[in-house]
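The values are calculated or read from the model by the stated rules, or taken from the named source; none is laboratory data. Worth saying up front: this structure is predicted, and the values here are computed from it rather than measured. Here the Cβ positions follow ideal geometry from the backbone for every residue, glycine too, while neighbour counts run over all protein chains shown. To get the accessible areas, we keep the full protein, side chains included, count just its heavy atoms, and leave off ligands, DNA and RNA. Shrake-Rupley method; radii C 1.70, N 1.55, O 1.52, S 1.80 Å.
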Amino acid sequence: MSHFFISRAGEDCDVAKWIADLLKAEGHDATLQDYDFASGSFPEHIDRALADADRFIAVLSPHYLEKQFTLAELHAAYARDPLHLILPVHVAPCKNPDLIKHLIYIDFVGKDDVQRKHALLAAVGARTKPEIRTSIQKLPTVDPHVFGRDAQIDWLEQALQNPQTNFVQIIAPGGAGKTALMTRWYRRHVGDVSVFGWSFYSQGTGEKSQTSSDPFFAEALRWFGINVAATESIWAKVDRLAARLRKERVLLILDGIEPLQDPSGSLRDLALKALLQELAARNAGMVLATTRVRLIDVPDALADEAPHSLSLDLENLYPVDGARYLKHLGVRGDEQELRAASEAYENHALALTLLGTYLVSFCDADIRRRADIRELQVDEIKPGRHARKVMASYARMYAGEPELDIMRALGYFDRPAEPAALKLVLPAMKDRKYRVALKRLGDARLILSTDPAQPIDCHPLVREHFSTEATREGHARLYEHYKKQAPLRPDTLAEMTPLFYAVYHGCQAGQHQAALDDVYRARIHRGAEDYLTKKLGAFGADLSLLAGFFATPWIQPAATISPAARGWLISGAGFVLRAVGRLADAVEPMRASAEAGVTSSKNAAIAYGNLSELHLTLGNVAEAVAAARQSVDFADRSGDSFQRMNNRTTLADALHQSGDLAEAMRLFAEAEKLQTEHQPKYPILYSMPGYRYCDLLLGEGGIKEVLRRASQTIRIAELNHWLLDIGLNHLSLGRAHSSGSAEGTQHFDQAVHFLRRAGELDYLPRALLARGTPHDLDEAFRIATRSGMRLFLADYHLISGNLAEAERLINETGYHRRDGELEKLRQRLASAG
C-alpha cells in the first residue's frame, strides 16, 4: 500500500477526485489537496501532507501550470525526492513543467475511464517494493540461547502473522529473560520486515529517573525520514509517527519501558502513551514492548473483540528447562540435582545464568558445590534476590581483583558506560589486565559487551546491585568529565547529551547547585533563552533533567539547592509538566510555588495567576476562581501596575467561565482603566488580557466591538512578533466574522498556524474547535483527552452534538459559559425530530 498526495488546480477537481477514489479502491491511501483539509490552509497543512505521502501525483493542465500554489506544491515535492516520487498525469493538453520535464507522464487526454484506469494502475504498480530496513543498535546485546521458550516464541510468531494484532507486551520481573526471548524471536525476522528497536534502559533507570521519550521520537522521526520542526508540539510528532506506522509495515520494538511508568503501570510519559494507544487501535505492523510492570494504558482485547492488543506474562523457567540451561552453561551434575538447583533459584533466568557461570569459574562446574554460595543478609522479598546472592558471591571471589573494580565502577552509571568515563572511576591498571578482566566478566555473563573500545553494558539488576558502592567523589569526577565533552553551547540534542550526563552525575555528587547554575541554566538552557525547550522543543528531556534536582518530585528540591533557587525550580517543574500535557501533575508544584512566593507579593501574584489558568484548563473552575482572587490580592499588595491589570483579567476570565458575567465585566473595565493609566498609548486591553475580554464580548453578542479591538491589538502583536498573541487575535477575528465566510476561514487558518508555532498546547484546542473541520475536532479531542482539559472536552461534545456527555462535564466542572448554547442545541435537535 502507498500513500499518494494529489495536487491539482480547482478546475480539475473532478478528475483528481476520480484518481483518489480509484487509488483508495485499490487499497492505497490518498490525500487530495484542498479536499482533505481546509481551503487556504497551505502554510499549515502542505508540509505535513507531503511528508506523510510516499508518492506525489501532479494533475497537469494549463490551469495547473498558471497557478502559483500548485507549482509551489510541485517544487516542495521535488525538494523531498526521492522519498516522494513524482507522477505527472496530463488531463488536458500541456507540457511537463521544466522542473520535471525529464519524467515520463501518464496521458489521460482523449482516453476513456477504462484506459485511464489501466494506465494509472500500471504506473502505480511499477513502483518497487518498500525497502526493508533495520535499526537495532539501541537494543541490548544478549545471549541468543533461549531454553524452554518454544511456546512463547510460537505465540509471538502467531501474533505477528495475525494482521489484527497491533500491540504486544511481554511482562516479567527483572532478569526473567524478557529481552532474551524478544531478541531470539525478532532476529528471525530481520530482512523480512523493517525493524526499529529502542531500549529505554540506555537512557537511565534510577529510582527517581524521569526518563523521557524525546530521544526516541527524535531518532525515530529521523530514521523514518519524517520532517517535523523540533519545536512542533510533541503531539504533532506523535501523530506524524503514528501516521507513518499505519502505512508502513514495521516491527517496532520498545525494550524496558518501565522507567517511563508509574508503579501502577500507567505511562507517565504522555507522548509514548499516546503513540502506543494510537498504534494499538490501528497499525500496519506490530509494536512489541517489554516491561517489568504491566502497561495498563493499552489493555488486552476483550474476548468478543479482535485481538488488537495482547500480553504475555513470562513466567520463570520450568525446572526441566532450568536444568537444560545449566547444562548449556557447562555445569555438571545429575538431572535431579540440576532441577533442584533450578528450583532453589526459583528458575529465574538471570540467577541461573550467574549461578552457572559462577560454578564453572570457581567450583569445577560441580552443581553440588552451589552450597558454597552464601545466603544474602538482605531483604529476601526484594525482586532478583537470587541473582544478587550470586553477585555477592562474585564480589567475594573477585575481592582485590580488577573484575570487582570494574563492577563497582559500572555502578556509577545508569546506562552503558563509555570507556573514557569508566576509567575515571577505576583504579589504574594496565591495558592487558583490563582486557583480561573484561573477558572474564563477559564469560561470567556479568557484562554484555567486552570490547574495551565500546561502551560497557550490563543487566540493570547488576548495575543496581553495585550502585550502592558508588561514592560522591567518583560522581564528581564524572561530572567534571562530561562538562568538557560537549561544546560550550551545543545546538542539538545529540551534542547536548554529555551535558545531560553531567547533570546526572553532578546531582549524584551532591553538587546540585553547581550543576543547576553552570550546566543546566548556563549551557543547556542558555539563560533566559530557554534553548532546550523553545528551540529544540525537548520538554520531556527537560523534565528528566529537573528530576535530578528534587528530593521529592515535584515539590521538594534537594537540600543543597539554595533557598532562592527552590521556588524557581518548583515553578519551572510545574511549567514543564504543563507543557508536556501532565496538567494534573502540574497542580501541586504550581501550588507549592505560589505558597512559597508569598514573601514576594509580585511573585505570589504571578504564581497564583498561573495556578488559576491551570485549574481552569483542567476544568476545576471553583479552584481557578479562588486562585485568581489570591493573585489579585497579592498584585494589589505589590503595587505593580502590570500585575494589578493582568491578574484582574485572570480572575475575570475564571468568573466568565463560572457564569458570573457581571463581576467579570466589572473586572475587565477596572483592568482596562489600569491599562490606560499605565500605558496611555494603548488605551485598550491587548495580548492575553485583550483576548480574554474579547472572549466574553463574543458570548454577549459584541461582534462589532471585537472586530474593532482585535483589528487594533493584532498590530501590536505583529510588531513584537508575539506568536501566541497573533494567533489569539486571529482567533477572535475569525469568531467575529460570520460562520463559513472567507474572512472567518482565513483568520481561523492563521490562528491554528500561529498557535502551533507558539507551542502552547493548552491554547491550540481553542482554534481547532473554532475552525471545526472533522480533522480539527478529532485533533482537539485527542489533545484534550490526553491532557485532561475538561473545558475543551465539554466544548467538543457540544459541537459534536453529544449533549449528554457535554452536560455531564458542565455539571462536573461548574462550567456555565455554554449553557445558552446547550439550550439552543437541544431546541435545534428537538425540532429536527
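Below, the figures for the structure above:
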| item | result |
| --- | --- |
| Looking only at region 625-673, and only at residues there that are among the hydrophobic types (A, V, I, L, M, F, W, C) and open to solvent by 30 Å² or more (accessible area, probe 1.4 Å), the one that is farthest from Gly814 (Cα to Cα) | Phe642 |
| Residue list for region 640-670, restricted to those being assigned to a helix (DSSP H, G or I) and acidic (Asp, Glu) | Asp653, Glu663, Glu670 |
| From Pro455, Pro460, Pro487, residue being surrounded by fewer than 19 Cβ atoms within 10 Å (Cβ to Cβ) and either in contact with a Ser or Thr (Cβ under 9 Å, 6 or more places away or on another chain) or aromatic (Phe, Trp, Tyr) (or both) | Pro455 |
| Subset of region 12-33 [open to solvent by less than 60 Å² (accessible area, probe 1.4 Å) and modelled with pLDDT under 85] | Gly27, His28, Asp29, Ala30, Thr31, Leu32, Gln33 |
| Check on Ala494, open to solvent by 40 Å² or more (accessible area, probe 1.4 Å) and of a type in the set (Gly, Ala, Ser) | yes |
| Single condition Ser739 does not satisfy, out of (1) open to solvent by 50 Å² or more (accessible area, probe 1.4 Å); (2) under 24 Å from Leu614 (Cα atoms); (3) more than 21 Å from the chain's Cα centre (by Cα) | (2) |
| Filtered residues of region 742-770 (kept if open to solvent by 20 Å² or more (accessible area, probe 1.4 Å) and over 20 Å from Met688 (Cα atoms)) | Ala742, Glu743, Thr745, Gln746 |
| Region 128-171 - residue that is under 30 Å from Glu343 (Cβ atoms), touching a strand residue (DSSP E or B) at 6+ places or on another chain (Cβ under 8 Å) and modelled with pLDDT of 90 or more and, of those, surrounded by the fewest Cβ atoms within 10 Å (Cβ to Cβ) | Trp155 |
| Within region 45-60, tally of residues that are more than 28 Å from the chain's Cα centre (by Cα) and at pLDDT below 65 | 0 |
| Selection status of Asp150, within 28 Å of Phe4 (Cβ to Cβ) and of a type in the set (Asp, Glu) | no |
| Hits in region 364-381 - residues which are buried (at least 20 other Cβ atoms within 10 Å of the Cβ) and modelled with pLDDT of 90 or more | Ile367 |
| Residue in region 415-443 that is least open to solvent (accessible area, probe 1.4 Å), counting only those that are without any contact (Cβ under 8 Å) to a residue 12 or more places away in the chain and assigned to a loop (DSSP other than H, G, I, E, B) | Ala428 |
| Residue list for region 347-356, restricted to those being assigned to a helix (DSSP H, G or I) and open to solvent by 10 Å² or more (accessible area, probe 1.4 Å) | Ala349, Leu350, Thr353 |
| Cross-chain or 6+ apart pairs with Cβ under 9 Å, region 445-470 first and within 18 Å of Arg396 (Cβ to Cβ), then in a strand (DSSP E or B) and not small (Gly, Ala, Ser) | none |
| Test result for Pro307, open to solvent by 70 Å² or more (accessible area, probe 1.4 Å) and either without any contact (Cβ under 8 Å) to a residue 24 or more places away in the chain or closer than 30 Å to His28 by Cβ (or both) | no |
| Set Gly400, Gly384, Gly411: member being open to solvent by less than 20 Å² (accessible area, probe 1.4 Å) and modelled with pLDDT of 90 or more | Gly411 |
| Cβ-Cβ under 7 Å pairs, at least 6 apart or on other chains, region 182-202 side open to solvent by 50 Å² or more (accessible area, probe 1.4 Å), far side among the polar types (S, T, N, Q) | Val190/Thr134 |
| Matching option when the condition is under 28 Å from Arg415 (Cα atoms), open to solvent by 20 Å² or more (accessible area, probe 1.4 Å), at pLDDT 90 or above and of a type in the set (Asp, Glu), among Asp530, Asp542, Asp517 | Asp517 |
| Residue in region 444-466 that is part of a helix (DSSP H, G or I) and at pLDDT 90 or above present | yes |
| Odd one out for Ala289 among (1) in contact (Cβ under 8 Å) with a residue 40 or more places away in the chain; (2) more than 15 Å from Phe167 (Cβ to Cβ); (3) open to solvent by less than 10 Å² (accessible area, probe 1.4 Å) | (2) |
| Test for Val238: is it buried (at least 23 other Cβ atoms within 10 Å of the Cβ), assigned to a loop (DSSP other than H, G, I, E, B) and of a type in the set (A, V, I, L, M, F, W, C) | no |
| Residue check, Leu252 over 21 Å from Ala538 (Cα atoms) and open to solvent by less than 10 Å² (accessible area, probe 1.4 Å) | yes |
| Residues of region 579-599 that turn out to be without any contact (Cβ under 8 Å) to a residue 24 or more places away in the chain and part of a loop (DSSP other than H, G, I, E, B), as a count | 0 |
| Residue identified as in contact with a helix residue (DSSP H, G or I) (Cβ under 6 Å, 6 or more places away or on another chain), at pLDDT 90 or above and either among the polar types (S, T, N, Q) or closer than 21 Å to Gly177 by Cβ (or both) among Leu359, Leu441, Leu422, Leu426 | Leu441 |
| Qualifying residue in region 630-648 (condition: of a type outside the set (Asp, Glu) and closer than 17 Å to Leu791 by Cα) | no |
| Residues of region 325-346 that turn out to be crowded, with 18+ Cβ neighbours inside 10 Å and basic (Lys, Arg), as a count | 1 |
